[in-house]
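Please read the structure below before turning to the comments.
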Amino acid sequence: MNVNVVLVGHVDHGKSTLIGRLLYDSESLMGERVEEIQKLAEEYKRKFEFAYFLDSFEDELKEERTIDTVSLMFKSKKNYYTITDVPGHKEFIKNMLTGASHADVAVLVVSAEEGVQEQTRRHMFLLKMLGIRQVFVVVNKMDAVGYKSEQFETVKSQIGMLLNSFGFKTEVFIPISAMDGDNVYRKCEVMDWYKGPTLIETLDGVKLSSDEKPLRFVVQDIYSVDSERIIAGRVESGRLQKGAEVIFEPSGTKGEIERIIVFDADLEEAEAGDSIGVVITAGDVKRGDVFGLLKRPPKPVNEFLGEAVLLDKSMRKGETLELRCGTAKVACKIKEIKEKINSETGQVIGERPEEIYEHDAATIVFATEPVVVEKFADIPELGRFVLVKADKNIGAGVVLN
């Protein structure tokens with residue numbers, strides 16, 4: 001099973017170090033990479049840390065902080081994982097939202113020394129907005145507090161109250177030391193007072209929803225090979241079979257699937273998560289189209305209600321922006337800002353404001369050019385969107401209705 005995991009939490013609470021430890025203990029790193037990072041660490045006179053496995057930019061190593069999302073893959077005895085490290089700094093919150101947008105589960109990392117901090121709260125709000133319901137908590141840096149169970153219980157209580165305020169029902173709290181590997185892949189003998197699972201045991205126990213969703217295929221590109229027109233894209237939900245009759249929206253084009261192609265092989269069917277090419281008897285199709293089965297077709301809209309968080313600049317009622325969902329890019333008008341929301345607490349703090357500002361959240365009525373979106377609760381893969389102003393991503397959100 002493939003599981004997408006995002007690590008969230010306040011800056012310097014150990015997210016990068018934890019992912020480095022997971023990669024190291026799962027033997028997903030080559031020896032040369034370890035040696036390379038050790039040399040870099042020596043060059044910059046820093047103590048060797050597992051976080052350096054993730055720091056893709058030399059500037060990060062100099063500054064000792066993560067400035068962009070980093071995604072890597074590793075395999076446990078049971079599952080394949082794509083795990084994403086996202087920045088904890090307030091100014092990098094845009095990258096955090098991008099990193100979390102396709103996650104199945106989240107791991108919240110909280111320092112045993114500092115407990116809940118500003119970005120801990122903000123990240124939890126964003127996870128709630130993105131509909132990520134499975135959240136596991138690791139209380140990191142237990143070595144720095146002498147592995148004391150009393151400190152773990154204090155921080156656990158803080159986190160529990162925070163999670164409850166956002167409606168999360170998390171029962172998994174794991175005391176760890178990412179630096180030393182305690183309770184990550186192996187049990188920690190010093191913390192014998194903890195009787196629960198390790199982090200990898202917890203992740204291996206994840207169960208993903210198997211609800212049958214309607215077929216949705218997002219068109220990414222169209223090209224010709226040996227006189228065949230191939231439509232490349234990704235199955236975001238449901239199942240596609242050779243011979244299926246489908247309809248593209250918002251173009252309205254209908255056709256039948258003649259071939260399903262992956263690399264140089266043909267398939268009889270594809271399922272959610274598969275990136276494939278299809279050969280189809282159809283007319284005009286363009287990037288941004290979404291196709292589904294004729295009996296359960298996608299429905300383009302000209303208006304929808306969404307919840308969004310503004311990550312930069314400001315946004316006024318009546319303003320026109322660009323909205324991106326899947327591979328579609330369309331003009332959208334801010335028809336109405338219904339409620340302004342505190343992005344740290346989730347509480348409504350104003351009704352029908354004329355304008356919202358950086359780090360505000362709101363429920364908004366968007367009027368758009370024809371575009372296929374889905375309710376986030378039904379098909380999350382097409383229920384997330386990004387707002388663009390002057391070629392810059394300024395916000396993101398989810399489709400409510």
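Derivation of every value follows stated rules applied to the coordinates shown; laboratory data play no part. Only a predicted model underlies this, so the values are computations on that prediction, with no experimental measurement involved. Virtual Cβ from ideal backbone geometry, glycine too; neighbours counted across all protein chains shown.
Filter LYS329/LYS392; LYS128/LYS213; LYS242/LYS295; LYS317/LYS338; LYS286/LYS389; LYS128/LYS392 down to the pairs with a C-alpha to C-alpha distance above 18 Å, please. Don't skip to the end; give the middle numbers.
Values: LYS329/LYS392 13 Å; LYS128/LYS213 22 Å; LYS242/LYS295 16 Å; LYS317/LYS338 10 Å; LYS286/LYS389 23 Å; LYS128/LYS392 24 Å.
Violating the 18 Å Cα-Cα cut-off are LYS128/LYS213; LYS286/LYS389; LYS128/LYS392.
Give the percent of DSSP beta bridges with both residues in region 216-293 that are antiparallel, rounded to the nearest 5. Could you put the intermediate results ahead of the total?
Numbers: 34 of 34 bridges.
Restricted to region 216-293, the bridges split so that about 100 percent are antiparallel.
Provide the convex hull volume over Cα atoms per residue for region 310-353, in Å³.
Convex hull volume per residue, Cα atoms: 99 Å³.
Neighbour counts of other C-beta atoms within 10 Å: give me LYS392, LYS207, LYS340, LYS375 arranged from fewest to most.
Ascending number of Cβ neighbours within 10 Å: LYS207, LYS392, LYS375, LYS340.
What's the whole-number percent of alpha carbon pairs in region 266-396 lying beyond 18 angstrom?
Summing the P(r) of region 266-396 above 18 Å gives 58 percent of all pairs.
If you take every DSSP beta bridge fully contained in region 122-263, what fraction is antiparallel? Give it as a percent rounded to 5.
Antiparallel bridges: around 75 percent, rounded to the nearest 5.
Using bins 5 angstrom wide from zero, how does P(r) for region 137-295 break down, in % of all Cα pairs?
Percent of Cα pairs in each bin: 2, 8, 14, 14, 9, 5, 5, 7, 10, 10, 8, 5, 2, 0.
Work out from phi, with θ = phi - 60° and the Karplus expression 6.51 cos²θ - 1.76 cosθ + 1.60, the ³J(HN,Hα) of each residue of region 319-328, listed in order in whole Hz, and give x for Gly and Pro.
With coefficients 6.51, -1.76 and 1.60, one gets 6, 9, 10, 9, 10, 10, 9, x, 9, 7 Hz.
Averaging the inverse of every distinct alpha carbon separation and then flipping it gives the Kirkwood radius. What is it for region 216-293, in angstrom units?
12.0 Å
For the cross-link pairs LYS335/LYS375; LYS254/LYS335; LYS141/LYS169; LYS169/LYS335, which exceed 26 Å when the distance is taken from alpha carbon to alpha carbon?
LYS254/LYS335; LYS169/LYS335
Determine, for THR281, THR82, THR368, the number of other Cβ atoms within 10 Å of each Cβ, and report the residues in order from fewest to most.
THR281, THR82, THR368
Give the Cα extents of region 129-221 along the principal axes, in whole Å, largest first.
53, 30, 25
Could you work out how far apart the two model spin labels at VAL11 and SER157 are, taking each label as a point 7 Å from the Cα in the direction of the beta carbon, and quote it in nm?
3.0 nm
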